[in-house]
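Notes follow once the structure below has been shown.
The values are calculated or read from the model by the stated rules, or taken from the named source; none is laboratory data. Model, not experiment: these values are computed from the prediction. Every residue, glycine as well, gets a Cβ built from its backbone with ideal geometry; the counts of neighbours run over all protein chains shown.
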Amino acid sequence: MLPSWRPGATRDAVVTFLDALGDVAPGDRVAMFDNDGTLWCERPTYPQFDFFVDRLAAAVGERPELAERPEYAAVLTGDQAAIGALGLARVALALLELFEGQTPAVYDASVRAFFDHAPHRSLGRPLRSMVYQPMLELLDALRQRDVDVFIVSGGGVEFVRAISQRLYGVPADRVVGTAIRYRYERQDGAPTLLRTAELDGAPNEGPAKIEALQRHLGRRPILAAGNSLGDRELLEYAQASQPSLALLIDHDDADREFDYASEAGTITGDEPITDIGRREGWAVVSIRHDWSTVFPDD
């Protein structure tokens, strides 16, 4: 069990939790995982951002005038200063316009096709292989104990749903994330659902994660895993149960992955999330020390 987890206090905390599940009613065995930086690599750029760049480049190939729009020009050139000056929210909404009017099936197919060929930007691996092997092992161990596993992501819910079964074995209907609005209309007499470029509520980070999981799932986790300030409330919410496990991923391995302090996209704070986690008694996972393997087939 958990062959990629090195012996130590962190693995012991995980195993102790798994052993305690026999005393938990099956309906209460619920685990919820953040995605970016928790189940897969989020550096040097989020996979969803890479997907947006890929689709933007394709759109510019058909409509070159799009490259002159300030938001798109900044993204295509990787001009972080320009993106900062424009504002991340403005750039994100502009990117959402690329998919306006698409049906859910068309969008889903484009995400799947992207993962069929996309490489990671710097590590020389297929992007679809940038999932964390130790977390895959944990997901399997939970399922073997009849734990219902969910993903509660700050990323776009449709983006994660398109690949959650393939990468993690998590069905699409067990994914919650940042949502967009749809519009319903009839096309040639057929009922049709189409994407808009508007968000449906706030980005799914911080307290919004707890509100969303209750609104969409109606379940409370006894295990939660995350890596940034955007996951703090999720981990606190799980920790309030007994038994419980709040698992925080610390990215401290520049040799095999990246070494950085995790940040949330829409939430800032003065205290590093790792300091909060250690003070609150969470199980803080050091990628460097606690994982013998980071990615599959390493």
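Worth a mention:
- Among residues of region 114-124, those that are surrounded by 13 or more Cβ atoms within 10 Å (Cβ to Cβ) and out of contact with any Lys or Arg (no Cβ under 6 Å at 6 or more places or on another chain), counted: 6
- Answer from Leu235, Leu245 - the residue that is closer than 26 Å to Ser292 by Cα and within 18 Å of the chain's Cα centre (by Cα): Leu235
- Complete set of residues in region 95-124 that are under 24 Å from Ala202 (Cα atoms), assigned to a helix (DSSP H, G or I) and charged (D, E, K, R): Glu97, Asp108
- Residues that are within 12 Å of Gln48 (Cβ to Cβ) and assigned to a helix (DSSP H, G or I), drawn from region 133-160: Val157, Glu158, Phe159, Val160
- Pairs where the first residue, in region 122-135, is closer than 14 Å to Gly169 by Cα and the second is in a strand (DSSP E or B), C-beta under 7 Å, 6+ apart: Val131/Trp40; Tyr132/Trp40
- Scanning region 175-224 for residues that are aliphatic (A, V, I, L, M), touching a Lys or Arg at 6+ places or on another chain (Cβ under 6 Å) and over 28 Å from Met135 (Cβ atoms) returns a single hit, Leu194.
- Scope region 92-135; condition touching a Ser or Thr at 6+ places or on another chain (Cβ under 6 Å) and among the polar types (S, T, N, Q); matching residues: Gln133
- Residue satisfying all of: in region 13-56; out of contact with any helix residue (DSSP H, G or I) (no Cβ under 7 Å at 6 or more places or on another chain) and among the small types (Gly, Ala, Ser); surrounded by the fewest Cβ atoms within 10 Å (Cβ to Cβ) among these: Ala25
- Looking only at residues in region 76-92 that are farther than 30 Å from Arg256 by Cα and loosely packed, with under 15 Cβ neighbours inside 10 Å, the one that is farthest from the chain's Cα centre (by Cα) is Ala85.
- So Ala172, is it surrounded by fewer than 17 Cβ atoms within 10 Å (Cβ to Cβ), at pLDDT 95 or above and of a type in the set (A, V, I, L, M): yes
- Filtered by the rule that a residue be touching a residue at least 60 places away in the same chain (Cβ under 8 Å) and of a type in the set (S, T, N, Q), region 136-169 gives a lone residue, Ser153.
- Test: residue in region 123-139 that is hydroxyl-bearing (Ser, Thr, Tyr) and over 17 Å from Pro296 (Cα atoms): no
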